[in-house]
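What follows is one structure encoded as structure tokens, with my remarks underneath.
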Amino acid sequence: MSDVAVPVGHDAAPGGPPGSGAGGQARPRAIVPLAGLPLAVLALGSLVAAVAANRLWALEFFHVVGGGLWTGIDLFLGFVLGPIMAQLSIPARMELSRRLMPKMLLIMPTLVTMTLASGWQLARHLGNLAGTSPDHGWVVASFVVVGVMSVIALGILEPANLAVLFALRAPEPDGRVIGTLMRRFIYTAGITGAMQVATLVIMSRLAAG
Amino acid sequence: MTGPRGAGRAGAPAARPLPPLGVLCPASIASVIGGGIYLAAHLPRQAPFAPAVALLAVAAALLLGGLAALLRVREFAWRTFRMVTGWAALAYLAVGGMLEFVFVLDGTRGAMLVLVTLMLIVFVANIPLLLAFTVARYQPPGR
């Protein structure tokens, strides 16, 4: 559930270089993109309906769509976009982060909630939660993997993401503060990547039966 | 627990000595998630409650300890803290409500329901606190 592993102001001088656009850019009024909220509400509302109806195909749909996007986005940001951004100029990093991170703040929690809620119900529906199930060990392993990712995401990355967004709204964003916060993404990218690969292995194993 | 006066720049507030909520809250979240995994791994049988209750107690103690220490801080961006806490609490109450709905829908009852509900409360309380603290600590005091 990492949000976005992109170093922004790692080596930035306070306030960023002249003409970085830090102070000159129009700052967004809202931290979370309000236009995306109805879509998130629609997705979560549909998830509640799927859980309440306990329909296998609907649970499978939410789990596959949510999990696929969650893992794909996580790996793409951590290992493709992150290293590219590290090589961009500081103004370019800040500009991309200012546009990307608010969206991630809405997209990732929605995908994670979709994936976990439907996955739990799916495991229950298929009998994988029972200790007698041959797949029980794999399901418990997935709990542990998700637990580790949750602690990293909720305890380390999401707070940093939000703090960076607030810091970027300052008239003169402080590159040192942003750099300090963004280092968390770099430090945890390896763990998150390993957990996502473990998730792919576990889910493939469970799907194969 | 209070920082120097006149820390006006956006970066300066981060240097102020503050309670280690950035460690306490993730540790609390980890404890409560550990308890949840322990209980879930035993389903559909009911696991012995003692380890889960112990983890819940640790999580609650870390949360309350951090909150108590933070409340003693005077120079802090309390307005930002309250604003972020409010919105984050709204979002995570919705998520917590969904989880509680799933527990009840799945037939969780009695002491087990009480235990998982308490774990959920500690879990949901941690997140807005941690989000708001991390944002506010980098804002100038009084903002």
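The values are calculated or read from the model by the stated rules, or taken from the named source; none is laboratory data. All values reported here derive from a predicted model rather than from experimental measurement. Cβ atoms come from the backbone with ideal geometry, glycine included; neighbour counts cover every protein chain shown.
In segment A:129-140, the residue that is surrounded by the fewest Cβ atoms within 10 Å (Cβ to Cβ) out of those that are touching a residue at least 40 places away in the same chain (Cβ under 8 Å) and more than 10 Å from every other protein chain (Cβ to nearest Cβ) is A:Trp138.
Evaluation of A:Gly175 against the conditions (1) at the interface with another protein chain (Cβ under 8 Å from one of its Cβ atoms); (2) among the small types (Gly, Ala, Ser); (3) touching a residue at least 12 places away in the same chain (Cβ under 8 Å) shows that the sole unmet condition is (1).
Residues in segment A:85-128 that are farther than 20 Å from B:Val124 by Cα, within 10 Å of chain B (Cβ to nearest Cβ) and without any contact (Cβ under 8 Å) to a residue 24 or more places away in the chain: A:Ala123, A:Arg124, A:Gly127.
Are any of the residues in segment A:180-193 more than 9 Å from every other protein chain (Cβ to nearest Cβ), of a type in the set (D, E, K, R), touching a residue at least 60 places away in the same chain (Cβ under 8 Å) and part of a helix (DSSP H, G or I)? So far as segment A:180-193 goes, yes, one or more of its residues are more than 9 Å from every other protein chain (Cβ to nearest Cβ), of a type in the set (D, E, K, R), touching a residue at least 60 places away in the same chain (Cβ under 8 Å) and part of a helix (DSSP H, G or I).
Considering only residues that are part of a loop (DSSP other than H, G, I, E, B) and either surrounded by fewer than 22 Cβ atoms within 10 Å (Cβ to Cβ) or acidic (Asp, Glu) (or both), look in segment B:107-140 and name the one that is farthest from the other protein chains (Cβ to nearest Cβ). Restricting to residues being part of a loop (DSSP other than H, G, I, E, B) and either surrounded by fewer than 22 Cβ atoms within 10 Å (Cβ to Cβ) or acidic (Asp, Glu) (or both), the top hit is B:Arg109.
Can you pull out the residues in segment A:52-74 that are buried (at least 18 other Cβ atoms within 10 Å of the Cβ) and either modelled with pLDDT under 90 or under 17 Å from the mean Cα position of the chain (by Cα) (or both)? Correct list: A:Phe62, A:His63, A:Gly66, A:Gly67, A:Trp70, A:Thr71, A:Ile73, A:Asp74. Exactly one residue out of B:Ala52, B:Ala7, B:Ala89 is in a helix (DSSP H, G or I) and either under 29 Å from A:Ala130 (Cα atoms) or at pLDDT below 90 (or both), and it is B:Ala52. A:Phe166 fulfils the conditions (1) under 29 Å from A:Leu39 (Cβ atoms); (2) more than 10 Å from chain B (Cβ to nearest Cβ); (3) aromatic (Phe, Trp, Tyr) except for a single criterion, (2).
Only a single item in (1) over 17 Å from B:Ala132 (Cα atoms); (2) assigned to a helix (DSSP H, G or I) is not met by A:Ala153, and it is number (1).
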